[in-house]
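Participant: Quick one: the structure is below, and I'll ask about it shortly.
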Amino acid sequence: QVQLAESGGDSVQFGGSLKLSCVVSGLPFGDYCLGWFRQVPGVERELGAIAGISDIGTVSYADSVRGRFTISKDYAKNTLFLQMDSLKPEDTAMYYCATGRSAVYCSRRSQYDYWGQGTQVTVSS
């Protein structure tokens, strides 16, 4: 019943920007952690957490994206966002949104239970 649907992935030049969206359904939007993960298919074995936001708005970021990416959510539309600025080639990956149990910091993959299907981001040099 729980469903997450990402969108917004695209191909951009070095230094460009993208905004990813994730529509969440089947859960009370404000009662869970929401987060973004990424993985390079065929290279990385597991999804890497890059950003999370708690039920009360506490945010966390991976060191690799801190200062460049911003996570936010729209309660009215049950939508999670990831604003990505100053994109680098190493940001190229499949990006996934996810939801899980509430926590002070939504920064660990083990906290998440439901996942979207992913959206591809490609950054050229």
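The values are calculated or read from the model by the stated rules, or taken from the named source; none is laboratory data. A quick note: this is a predicted structure, and the numbers were derived from the prediction, not measured. Backbone-built Cβ (ideal geometry, glycine too); neighbour counts: all protein chains shown. The protein model used for the area step is the full one, side chains on, heavy atoms only, and it has no ligands, DNA or RNA in it. Shrake-Rupley method; radii C 1.70, N 1.55, O 1.52, S 1.80 Å.
Participant: Looking at the chain only, what percent of DSSP beta bridges run antiparallel? Nearest 5 please. Working shown, then result.
Facilitator: On the way: 39 of 42 bridges.
Close to 95 percent.
Participant: How many Å² of accessible area per residue for the stretch 6-91, probe 1.4 Å?
Facilitator: With all protein chains present, the stretch 6-91 gives 49 Å² per residue.
Participant: Scan the stretch 74-125 for trypsin sites (Lys or Arg not before Pro) in coil per DSSP, keeping those whose Cβ has at most 14 other Cβ atoms within 10 Å, and list them by number. Don't skip to the answer; put the middle values down first.
Facilitator: Working: sites: 77, 101, 108, 109; in loops: 77, 108.
Filter output for the stretch 74-125: 77, 108.
Participant: Carbon and sulfur: what percent of the chain's accessible surface (1.4 Å probe)?
Facilitator: 47
Participant: Figure the gain on full extension for residue 2 and residue 66 (residue separation times 0.36 nm, minus the Cα-Cα span) and round it to one decimal in nm. Present the calculation step by step, with values, prior to reporting the outcome.
Facilitator: Details: separation 64, 0.36 × 64 = 23.04 nm, distance 2.89 nm.
Full extension from residue 2 to residue 66 adds 20.2 nm.
Participant: In whole Å, what is the distance between the alpha-carbon centres of the stretch 1-69 and the stretch 70-115?
Facilitator: 2
Participant: Given points 7 Å out from each Cα along the Cα-Cβ axis, report the residue 76 to residue 11 separation in nanometres with one decimal.
Facilitator: So the label points at residue 76 and residue 11 sit 3.7 nm apart.
Participant: Tell me, in nm to one decimal, what length is gained between residue 85 and residue 102 on full extension, where the rule is 0.36 nm per residue of separation less the Cα-Cα distance? Mind dumping the intermediate values first?
Facilitator: Details: separation 17, 0.36 × 17 = 6.12 nm, distance 2.73 nm.
Result for the pair: 3.4 nm of gain on full extension.
Participant: Still on this structure, please answer the following. Just to confirm the filter: which chymotrypsin sites (Phe, Trp or Tyr not before Pro) across the stretch 1-77 are DSSP coil and have at most 12 other Cβ within 10 angstrom of their Cβ?
Facilitator: Taking the stretch 1-77 and a limit of 12 other Cβ atoms within 10 Å, the loop chymotrypsin sites (Phe, Trp or Tyr not before Pro) found are 14, 75.
Participant: Taking θ = phi - 60°, what integer Hz values does the Karplus form 6.51 cos²θ - 1.76 cosθ + 1.60 yield along the stretch 73-78, in sequence order, with x for Gly and Pro?
Facilitator: 9, 10, 4, 5, 9, 6
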